[in-house]
1. How far is the Cα center of region 124-146 from the Cα center of region 60-111, in Å?
2. May I have the count of lysine pairs in the chain with C-alpha atoms under 23 Å apart, counting pairs 8 or more residues apart or located on different chains?
3. Only Lys, Arg, Asp and Glu count, each charged at its Cβ (+1, +1, -1, -1), so figure out the dipole size of the chain about its Cα centre, rounded to 20 debye.
4. Roll a 1.4 angstrom probe over the protein heavy atoms and tell me the percent of accessible area of region 161-281 that is carbon or sulfur.
5. If you stretched the chain out fully between Ser45 and Ser239, how much longer would it get, using 0.36 nm times the residue separation minus the C-alpha to C-alpha distance?
6. Give me the percent of accessible area attributable to carbon and sulfur for region 76-144, probe 1.4 angstrom.
7. What translational diffusion coefficient, in µm²/s and rounded to a whole number, does the Stokes-Einstein relation yield for region 7-139 at 25 °C and a viscosity of 0.890 mPa s, taking the hydrodynamic radius as the Kirkwood radius over Cα pairs?
8. Could you give the DSSP H helices of the chain that reach 27 angstrom or more along their long axis (alpha carbon positions) and whose average Kyte-Doolittle hydropathy is no lower than -0.5?
Amino acid sequence: MNAEGTLADRLYEAALVPELWTETCERIALEAGSSTASIFTIDGSGNHRYVTTPNIADAFAEFVRSEHRFNNVRPARGMERFPFSFAREVDIMSGQEFEDDPIRRDFLLPHGMEWEAGWAFQEPTGHVVVISMMRAKGMTHFSDEQLAHLNLLKPHLARAAYISSRLAFNEARSMTETLSMLGLPAAVIGDGGQIIAMNPEMEGLSPRIRTGAGDRLVLEGAGAAALLDEAIERYKAQSSPTVQSLPMAARDGIPPLILHLLPVRRAARDIFSRSMAVLAVTQVGQVGPPDMRVLCGLFDLTPAEARVARGIALAQTPEMIATSLGISLETVRSHLKKIMLKTGTTRQAELVLLLSGLNAPSFGGGPKDL
C-alpha cells in the first residue's frame, strides 16, 4: 500500500478513535514536510475544538482562550479565495497584513513557527473545519509540490475531520454511543455488507434511506445506490472505493443529502467489531443557504473539477465554463464526465438538478460570524 493509502487508513482510524489524533497529526506533519499539523473546528459562536501535534499545543490553548480567535481572517479568506485547495497564508493576506498579523505575532512566532498553510471548509451544519500546517523558523515556506501532496489527501482529511468534529474529538466507548454522539443520521455496515446498527436519525430518513431484504441498505435513486453498492464491494475486497461521499438529489422540497462512508480501520474495530464502514448522512443547507463549500469540502472532486461543477451549479453551459475558466471545451467535457462518474449522475441535466441547491458562497460579515 502506498504512503497516501497508509495515511488515509490512519485518518479513518482516528476519526472513530479520537485518542489517536495526536499521533495521526504527527504522521500528517511528517508526510507534509511540516513542523506541525492541527485540525480545529469553529462553531457559530466562535468556539474552537482542536487536535494538534504537541509542539504547538500550548499556542493553541492560549489562542482559543483569547479574543484573537474572533479576528482570524484565515478561514473566511481561504474559503473565499482558495475553496478547493490548500493555500499559504501569504496567498490570502497582503504583505502588510502578514507583517501586522496579531496571531502570527502573539502566538506563532513566540512558539517558533514562521510559516503557515491550510485549508478551510464549511460543513453542512454550519461549523467551519480548518486544517492548519506550520513550518518552523529557519525553514523555507511550503512549496507548491507540498501543497499538491496535501491536496491529494484533502478528501480523506475532510471526511475524518468532519466526523471527529461531530464527535467533539471525544472517544466513544461503544458502537451505540458513537452513533448517538454523532448527532447525524448514521449506520454501521457489517463485513458482509448488511446493516448491523442504525440510529433513530437514520431511521427517520425512510423511505429515502431504509433497510431492505437481508438488512441491506436501500437508497432512493439509482445513481447513489450504484455508488454505494460499488463502494461496499470494494470494501469487501479490501480496497478503497472510487467514491466515498455520495450525493442524493433534492426531492419535493426535501434538501439534498450527502452520504459519507468511513472505512473501519484497525483500532476502530475494537468498537465496531465485524464492521467494514460507518455511513453518516448530512442534509445540505440546514444552517444558512446551501453552497458550493459543501462540494469543495466533502466530495472527491479535484480543484479543476470543482470549478467546472460550480459553473454547472450556476446554470452555465460547457461553452460558457470553458470561456470563463480559459480552458478548452474538450477539457470541460472531460471534467464533466469525471464529475458525473463521482456523483453517480448519467446525464448533465441530472447533474444540474443535483447541484442546483449548491450555489456559489457569499461572504457577508466577518470571521466572528463563522
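The values are calculated or read from the model by the stated rules, or taken from the named source; none is laboratory data. Remember, it's a predicted structure, so these values are computed and weren't measured experimentally. We place every Cβ from the backbone using ideal geometry, glycine too, and count neighbours over all the protein chains shown. Surface areas here come from the heavy atoms of the whole protein model, side chains and all, with no ligands, DNA or RNA. Shrake-Rupley method; radii C 1.70, N 1.55, O 1.52, S 1.80 Å.
1. Going from one Cα centre to the other spans 10 Å.
2. Count of close lysine pairs: 4.
3. Details: 36 positive and 43 negative charges, 130 e Å.
Rounded to the nearest 20 debye, it is 620 debye.
4. Numbers: 2340 of 4880 Å².
After summing per-atom areas, the C and S share lands at 48 percent.
5. Numbers: separation 194, 0.36 × 194 = 69.84 nm, distance 4.01 nm.
Length gained between Ser45 and Ser239: 65.8 nm.
6. Working: 1320 of 2640 Å².
The nonpolar share, carbon plus sulfur, comes to 50 percent.
7. Values: Rh = 15.2 Å.
Once the numbers are plugged in, D ends up at 162 µm²/s.
8. Membrane-span-like by this rule: 144-166.
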